[in-house]
Structure formats: structure tokens, C-alpha cells
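Notes to accompany the following structure.
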There are 2 protein chains.
Amino acid sequence: MQNFVYQNTAKILFGRDQISSLSQEIALDKRVMIVYGGGSVKRNGVLKRVKDALQNTIVFEFGGVEANPHYETLMKAVDIVKQEKIDFLLAVGGGSVIDGTKFIAAAACYEGDAWDIVKSYGSVVQKALPIGCVLTLAATGSEMNNVSVVTKAATKDKLFFASPYIMPQFSILEPELTFTLPENQTANGVVDAFVHILEQYITYPVNAKVQDRLAEGLLNTLKEEGPKVLVSPEDYDARANIMWSATMALNGLLSTGTPADWATHLIGQEITGLYGLDHAQTLAIVMPAIWQYCRSEKAEKLAQYGSRVWDIPASDTETMAEQAIQATVKFFEEMGVKTHLSDYGLGEEIIPEIINKLEEHGHVALGEHSTITTEKVGEVLRLAL
Amino acid sequence: MQNFVYQNTAKILFGRDQISSLSQEIALDKRVMIVYGGGSVKRNGVLKRVKDALQNTIVFEFGGVEANPHYETLMKAVDIVKQEKIDFLLAVGGGSVIDGTKFIAAAACYEGDAWDIVKSYGSVVQKALPIGCVLTLAATGSEMNNVSVVTKAATKDKLFFASPYIMPQFSILEPELTFTLPENQTANGVVDAFVHILEQYITYPVNAKVQDRLAEGLLNTLKEEGPKVLVSPEDYDARANIMWSATMALNGLLSTGTPADWATHLIGQEITGLYGLDHAQTLAIVMPAIWQYCRSEKAEKLAQYGSRVWDIPASDTETMAEQAIQATVKFFEEMGVKTHLSDYGLGEEIIPEIINKLEEHGHVALGEHSTITTEKVGEVLRLAL
């Protein structure tokens, strides 16, 4: 096991009817801005429940945060925050809304050009407004971590940043809020969380047994519960298990003392930034290709994963690794998330653009060994055609 | 899954040579009291390393905290804390030293009779000094939770209390510090952590898949690594896996959304308080007896545990439950921790005294269903003779 430092201060309020606790979590004298997305929280009554719970608090609203939240949109919110002297941000939505809110929180307290926050990967952030979340989609884990991903629409740059100052103070997780999600969003969420786990698990063995088994436990849970909710979207326990798995997948515990890959995410981000594919779709395309490309380096963990998650019988490591990759592809496809570029009308022509963007963003040596150069990214993507 | 609230703010610094970080974790202007136990930290050089790391800080020492820390001893530390205007407590030791330090932290800020803290189970605590820990024994999980157990030697009362104010700010976990532990302390630690997990896992099913699998992952790890370190005490990875398992066993994650038992601990506490057995010894005695007594209520989880931890083949639930109990007893015995009262020279004569103490402490309805009355405790203990 490698050395690590772990701390996660976020408070999680999980279960039925947690929104009513909002008034205890946000001080009465705060000026709160509720940040949300395309309006589904209006239609399904969540926004009303939130506002009812905060009826004695001064509340502003900022709607319209899009999937892969745009810097341009978020800067409008920053203006209002400054003008109205907002001092608490409440994200009501999924990962995009929470990520956007994190950016608003940091940008509202930053003196220079706010894009510096993203360009510096968060290192310039010295302060941020406090954040709370009401989660409506189980997927990104943003509700319990200090990472945010923001897209500059003008230049098609999708980039992450991280800072201890953007950790949510609290997050409310009501599994019932996910009952009414469109099927593709539910499926994307399961695949997203699944890949988050794999990025931290399918590397090379460091004998970190607790972390490996936590990863396997979360993967097994998503594997079992994911297909269930496609058939029975109102299965409370399945929704709850998926929601808690997605949060646990990216709250820092899995990466304690272990190497991490993240090549899939870094390449996937560029695909979304340039061509607008859903985040989970890019992950389902890139991860199997990365694994094929790095199969011998990852064989031992792939085989362990195959055995403990997909019940692949013991044989030679390479064979088990190959079977584990195939089982994963089959799972993504069964969840309705396609795994080839051609499924989305994309082909080899995207490779130079992806490589350009990766170079522009300084992502030129990816993977747990930093050996996937941009040239090799081309070979990886050819495996994903 | 049941509703839950989870928050754990402790910062964990894990791995080799973490003590050198102490100067970054404790502000230079603090007046620090180092609290430790019987002196092994002097002999093995840990205390010197701690003091070297804090060479620019004003440091006091308080040694002599015993196993199952005595209220009487701790109150002497409280006097020094007040006299010397100590404003940071650094526990250097195992669970007893950390628990004792938590009590000192709360008592130093409490105006009334300090035993109220324990008698009220912590509810009177409104303030405590900040605490840091350097852990030297993997066992109790006290380094990452807000619970403390203290014993009043005069009246043989061993009681726990809990308060958000006694959560350690940080804990340093160096697996190498456990290399030189006496074998019985290593074994006790493994059994203690193992039982902490079981108290939160062997109840009734609530379909909390993440929590179940985390429990099983930790149990499997302790099952594999525990026997290893008895043979190879300097196996770093095994020590690291045990240490992280013991911390994760009682940091609140396992009990999110699930019922908990704790009857074994409450009965075990009285046995230690009255007869001085090691904490882990009492757990190894009482838990199998509780399970025998409540076997039908616990059968489903016992069978799941048997299958996933002890590879017990599928058969009827009652048989699998019985086999799981036997496997657990065998494991405790293999770790060198005996499982019957008679192994420690105790017999039926203790039952009335145990029942008296439980009634005195208000622990009259134990277990996840609160159905184990003190009368039934007698029947349980007869199964442990």
C-alpha cells in the first residue's frame, strides 16, 4: 500500500424526506442562491420542496446550467452573486449543476480572470463561497468531493479543477428524486460511477486489500442494481444502493494508497468538449480501448476484477483479462450505452483534433505509468472505432 | 436501506514516516500535551520521533494511561492541562490512550463533575480541546471516531461516551509502529476490529449492499492478514491492511443506513470493568454466545457472512448460520484469543454481578431489536461458560 492523506469533511444526509433538513444546514442569515439546470426540478416539484424548506431564508434562483456546464453561463451567475451579495450556494441537480456551482463559488471570490481557476487546475483558488447540494442524479460523485469539470463553449475546452475550498459542506441524497429520470440518464449515471471505480482500481496491484474490496463491492452493487432500475425505476433500495455507490466511488476512499489511471476521463473529456457526446458515452468508448492497449500492464488487476465481479473462472491471467474486458463491454451495452465511436457517427478523423486538444491542455502522458503519450492516444482511439 | 446522516472530518495521514508531518498539523503557538501509556513509546523511540517533530512547539508530557483508561488517572492530566493552559492534546498510543485523551479534552472544558460526561453518554459535552493522534496499535478505531470508553476504577464502571467535539482533528497511522507489538496485543487488535465490523453487520438484512460488502471486504482482509502477522510481525502490507481495516471498521461508514447490535460490547464492557479481562477477550467470549442465543433472528446475515467470508457452501440458512458461528470461534482461537469464560477462570457466579452492573448502567434492553433483557443476558452468558 502506498502512503496517503485522506480527509473528507462533507456531511451526507441520505434517505427519504431529507430536504426538510435544509433549514438546519443553512444559517438563517445567509443570502442563498439556488443553482439548477434545465428546469426538471421545477416540473417534478423538487425546487418547490427546497424553497418551502428555506421559507425563512432570503433565496435567489439561477436556472439554466447545462450538461457539461459552460463557463459562459456560470459567469452570469457569478455576476448576480456579486451584485446580490450572495453568501451561500445551493446546487439542486446532478453532477453538472454541482460542478457549475463549485466554479461559481470559487469564481465569485477570485479577483483575476476566472478562467485562471480552470487553467491552473484550481491551484489559484484561495477562497470560495460555502456550498450545499441536493442531488437529483446518481453518477458523478461531485456531491462528496472537491473536483469540478467546466466547459468553455467558445473554445470547446472541457477541463477539471480541484480545490479543498469547493468541497460541499453538506449534500442531501434522496434516492426517490431519481425515480423520474429519463432512462438514458439513469444508465449514463451507472456507467459513469462504474468507470470512476475502474479508473482507481484497474491499474497494477499494490496489495491494498481494503481499497480493492471496496471497489469490487461497489462494482458488484452497480452491476446488480443498474439493470434493475432500467426495468423498475421506482425500486427504492436499488436506487439507494446505486446512489450511495456513486457517491462512495469518488469520495477519495478508493484512491487512498493506490495508483490511479484517469486516461479514459482525460481522453473522454476532449470527445465531449469537441463533439458533445454524453460524458458516460465517452467513457464507455475509451475505457475498453485503453484496456486493450494496456492489457499486459493491467492484466493482473483485470483478472482479479473478472474473477470477483464477473465470476470469470480461474485460468491464465491474459485470458481472464480479455474476458473481463468483454464482460465490461457487454455490461455497458446492456445498460444501453454504446461502446464504439462509430455508434455515435464518429471515426478516425477525430484523432488529430483529440490529440491537439490533449496537447493544448498539457495532457501528454496519461495512465498510471504516465506512458500513454498523445501519439499512443491515436492507437488507443483506433481500437475504439 | 435506512435513512442516515454521515460526516467524519478526521484527517488521516497513513504510511511510512508520517510523524514528521506533525509540525504542519499542529500550529506553532499551541501548548501541546503528549499523552501516552505505559512507556513502550519511550522504549521504541516513537516518543522521541514525536518530540523531534515538535521541537519548535511547547510540549508537556503525561504518561501512565493504563489499558481501559482510568478516570482517576485521567483527572490528574486534566489538572495539569488547566494549570499549564494546554490547548492541544496529542495522543501517542493505542485505543486506550486515545480514549483517555478524548476524556481529558472534554473534561478540561467542563465546569461540573467530570464524571457527568460519562454518565450522560457525552450529551453534556459542549466543548473540548483539539486532539491529534499518533496510533501505535490497530484495533479500536478510536483514531477516526467520536467515541471514548473510560473506566472508574473505584466502582469498576467501564462506560462509553460520544460527542462530536472529541473527534480527532488528525490521526497519524504508521503501520511500522505495530511491528514490535507483543503478539497478544496484535491478536487482540485483530479480534477487536473484527467484532466491531460484526456488531454492525450481523443483524437483519436491510438491503444495504455497499455497507454489507464493505463489511465483508474488511472481514476478509482481517481474516487473511491477521494470522500472517502472528508469523511475520514485520510484514508491512499485512500490517497496513490490518491498520486501515481497523480504522475503517469504526469510522461510521459501516453503520450508515443499517441496524447495529452492540450487545456484545455492552456485556463485554462489564466483564472487563469487573474482572479485568482484555477487551478483545470479552468480545471473543460474548459474541458467539449472543449469536447462538439469537441465531434464528440473525440467521440470514450469518449465512451471508458464512458464504462470503468463510466460503461456506450453500445449504439451508440455519446450517450455514451455525457453520459461520463455528468458523468465527475457530478464527478467534487460532488468533490465540480464547472464547469461553472458563478459559479465564470465570464461571456462572459472575452472572448476577454482570446483570447488576448492566441494570445500574441502564443497559437493560440490548441488541438490534432491544429484546435482550438482563434476564436473557444470564442465558447468553450460560452459553459462554
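The values are calculated or read from the model by the stated rules, or taken from the named source; none is laboratory data. These figures come from a predicted structure and were not determined experimentally. Cβ coordinates were reconstructed from backbone atoms using ideal geometry, including for glycine residues, and neighbour counts include every protein chain displayed. Please note that ligands, DNA and RNA were not included when accessible areas were found on the heavy atoms of the full protein model with its side chains. Shrake-Rupley method; radii C 1.70, N 1.55, O 1.52, S 1.80 Å.
Quick notes on this one:
- Aspartates and glutamates whose Cα lies under 19 Å from that of B:LYS119, excluding same-chain neighbours fewer than 8 positions away: B:GLU72, B:ASP99, B:GLU111, B:ASP157, B:GLU270, B:GLU359, B:GLU360
- Look at the stretch A:217-224: the mean tally of other chain Cβ atoms within 10 Å of its residues' Cβ atoms is 3.
- Across the options B:VAL125, B:MET144, B:ALA53, the greatest Cα extent toward the positive end of the charge dipole of region B:37-148 (unit charges at beta carbon of Lys, Arg, Asp, Glu) belongs to B:ALA53.
- Each part reduced to its alpha carbon centroid, region B:276-317 and region A:1-34 end up 36 Å apart.
- Relative to the longest principal axis of the Cα atoms of chain A, the long axis of helix A:295-310 makes an angle of roughly 70 degrees.
- Taking all protein chains as they are arranged and a probe of 1.4 Å, the heavy atoms of B:HIS340 leave approximately 80 Å² accessible to solvent.
- Options B:VAL97, A:ILE86, A:LEU218, ranked by Cα towards positive dipole end of the protein assembly as shown, top entry (Cβ charges): A:ILE86
- Largest GNM mean-square fluctuation across B:GLY189, B:GLY362, B:GLY38, computed for chain B with C-alpha springs under 10 Å, falls on B:GLY362.
- Within the shell defined by Cβ-Cβ distances under 11 Å, the residues around A:ILE19 carry a net charge of -1, with Lys and Arg each +1 and Asp and Glu each -1.
- For region B:55-108 and region A:79-117, distance of Cα centres in Å: 43 Å
- Inter-copy separations for A:SER342, label at 7 Å along Cα-Cβ, nm, ascending: 7.5
- Relative to the other identical copies, B:LYS76 shows label-point distances of 7.0 nm, where the label point lies 7 Å from Cα along the Cβ direction and values run shortest first.
- Antiparallel beta bridges, as assigned by DSSP with both residues in chain A, represent about 25 percent of the total such bridges.
- One decimal place: the segment B:SER315-B:GLN292 gains 6.4 nm when fully extended, by the rule 0.36 nm per residue minus the C-alpha distance.
- In this structure A:THR371 has an accessible area near 60 Å², from a 1.4 Å probe over the protein heavy atoms.
- 222 nm mean residue ellipticity, helices alone, for chain B (DSSP H n ≥ 4; -39,500 (n - 2.57); rounded to 500): -15000 deg cm²/dmol
- Virtual spin-label span in nm between B:GLU183 and A:HIS340, 7 Å along Cα→Cβ: 6.1 nm
- Distances between copies of B:SER370, taken at a point 7 Å out from Cα along the Cα→Cβ vector and listed shortest first: 5.8 nm.
- Charge dipole (chain A, unit charges on Cβ, about Cα centre) - positive-most of A:GLN269, A:PHE160, A:VAL309: A:PHE160
- Cut-off 12 Å between beta-carbons: net charge of the residues surrounding B:ARG295, Lys and Arg +1, Asp and Glu -1: -2
- Other protein chain Cβ atoms within 10 Å, averaged over every residue that makes up B:347-353: 0
- Electrostatic dipole magnitude of region B:159-225 [Cβ: Lys, Arg +1; Asp, Glu -1; Cα centre; debye, to 20]: 300 debye
- Filter on A:LYS48/A:LYS127; B:LYS42/B:LYS158; A:LYS209/B:LYS298; A:LYS156/A:LYS301; B:LYS76/B:LYS127 - keep pairs with C-alpha separation over 24 Å: A:LYS48/A:LYS127; B:LYS42/B:LYS158; A:LYS209/B:LYS298; A:LYS156/A:LYS301
- Chain A, relative contact order in percent, only Cα pairs under 8 angstrom and at least six apart counted: 15 percent
- Reducing region B:230-265 and region B:153-173 to their Cα centroids gives an inter-centroid distance of 18 Å.
- The alpha-carbon atoms of chain B, seen along their principal axes, cover 64, 44, 43 angstrom, with the largest extent given first.
- Pair B:ASP52, A:LYS76: separation of 7 Å Cα→Cβ label points (nm): 6.0 nm
- Solvent-accessible area of B:CYS109, all protein chains in place: 40 Å² (probe radius 1.4 Å, heavy atoms, ligands and nucleic acids excluded).
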